[in-house]
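Enquirer: Right, I'll just put the structure down here and ask away after.
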Amino acid sequence: MSSLPAGWYKDPAEPDTQRYWDGEGWLGKAIPADAVPPDGPPPVEEEPAPAPDPTANPHSSAPPAVSPAPQAPPGPPPGWGPQPPPPPGWQPPPGWQPPPGWQPPPGQQPPAGSQPQPGTQQPPPGTQQPQPGWQQPPAGWQPPPGWQPPPGWQQMPPGMRAGMYPPVQARPHGFALAGLGPRLVARLLDILAVLLLNVVINGWFAYQWAREFVPMYRATLDEMANGGSAWDVQASGRMDGLLWAMLIIATLLWLAYEAPAIGSSGQTLGKRVMRIKVVAVEDTKPLGFGRAFGRWARLGLWTPAWGCAGIGFVLQLIDCVSPVFDQQLRQAFHDKTARTVVVALPPDDRQPVDATTGGGNGSTGTGD
C-alpha cells in the first residue's frame, strides 16, 4: 500500500496527463496535465447500455441484462513507488497550490511558498496538531452518560466561567485580613482614647476659648435681634489663636498615642481589644517609628485643617472609608502609603511570624 495521499497527480505512464489517485489505485479517466482538476475524485462514469439486437424478437421474454461488475481501478505501473522528497532548497514554481484535500505527511511541513486553500484557517503558534482522524465535534455536543475524563485531566472548578477566576481571599503571612467591622470599632475606641487625652491636656485651652466664645455668641444674638447679620460680629484674634492651639495639640496627642504603638507592636489600644494588628506587606518585622509615622501622617496631619471649614475632617473621612473599595487587601490610603496591611489575630494568641525567615514556631503570648 502506498503512503501517497489521495489527490490528482501526473500519470507515470503518460506524463502529459494527470489522473486521480485514491491511495490504492487510479480512478477515472486521464485529463491533460495543464487542466485544472475538479475538487475530489472524478465522477464515476456509467457504462452505456448495450444496443438491442435487431434480429431478436422484442416480444420474447428474454432475461434482463445484467450490468458487469465495476472493475477495480488499475494500480500504479510495475516498479512505481513513492516519489523521493525534493532536494534541499527546492521551491515550488510561483503560484503553485497543493491539490484540494492534500495534507502533508505526519512530521512534514508544506512546501515553502505554497498558499493554503481559500477558507483554510491556520492554527495559532504553539497549537498541538490533533491526532490523525480526529474531527471537530458538532455544535451542542455533550459527552455521553458515564463518560470519565482521561487520567491527569484537570476539570474546571464548579462555578468558573470561561475567562474568569473565582476570587481568592488574601492571607498575608498566613493570617486572615481584618474585617471592616472590627477595624471600625478599633478606630472608634482609639478616637475615644485620644479624646480623653485632649480633655486632660487641652482642657485649659478649651476653657479659655469658651470664655471668648460666650460674649461673641451673645453679641451675635443681639445683632440679629436688631435686624443685623450674624456675619457682622467678628471673632477676636485671641479666639482664633486658641482654636489653632487646640488643633495642633490634638494632632500631637494623636501622633504620640498611635505612631509609637504601631511602630513597636503594630497595635493600639483599640486594635488590642479587637485583636487586629498592622503588619508590613513584605514581612512581619516591627515597622519602626519612621514607617509608622508615615502611615499616621497620611491620616493625622489633616487634623489642623479642621479649622478651614472642616476640609481636614472630610479628607480623613474619605481615607477611613477607602478600605471598602480595596477588595484585595482592604488597604486604606494610609496603608498603601506605608505598604502595610491589617490582619486578624487567631484566638490562640499566636502573633504573625516572618514567613521570609522560615519562622512559625507558634509561640504564644502577645509579643508586644
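Read-outs throughout are calculated quantities, based only on the coordinates presented, and are distinct from any laboratory measurement. Worth saying up front: this structure is predicted, and the values here are computed from it rather than measured. Cβ placement follows ideal geometry from the backbone for every residue including glycine, while neighbour counts extend to all protein chains displayed.
Enquirer: Treat the count of other C-beta atoms within 10 Å as a stand-in for reagent exposure and order 303, 284 from fewest to most.
Expert: 303, 284
Enquirer: Exposure proxy check: 325, 333, 205 ranked by fewest other beta carbons within 10 Å?
Expert: Fewest to most other Cβ atoms nearby, the residues stand as 325, 333, 205.
Enquirer: Return a whole-number percent for the relative contact order of the range 291-345, with Cα pairs under 8 Å and 6 or more residues apart as the contact set.
Expert: On the way: 52 pairs, mean separation 19.1, N = 55.
Relative contact order for the range 291-345 comes out at 35 percent.
Enquirer: What is the order of 249, 191, 276, fewest Cβ neighbours within 10 Å to most?
Expert: Lowest count first: 191, 249, 276.
Enquirer: Taking the radius of gyration and the Kirkwood hydrodynamic radius from Cα positions alone, what is the Rg/Rh ratio for the range 185-265, to two decimal places?
Expert: Radius of gyration over Kirkwood radius for the range 185-265 works out to 1.18.
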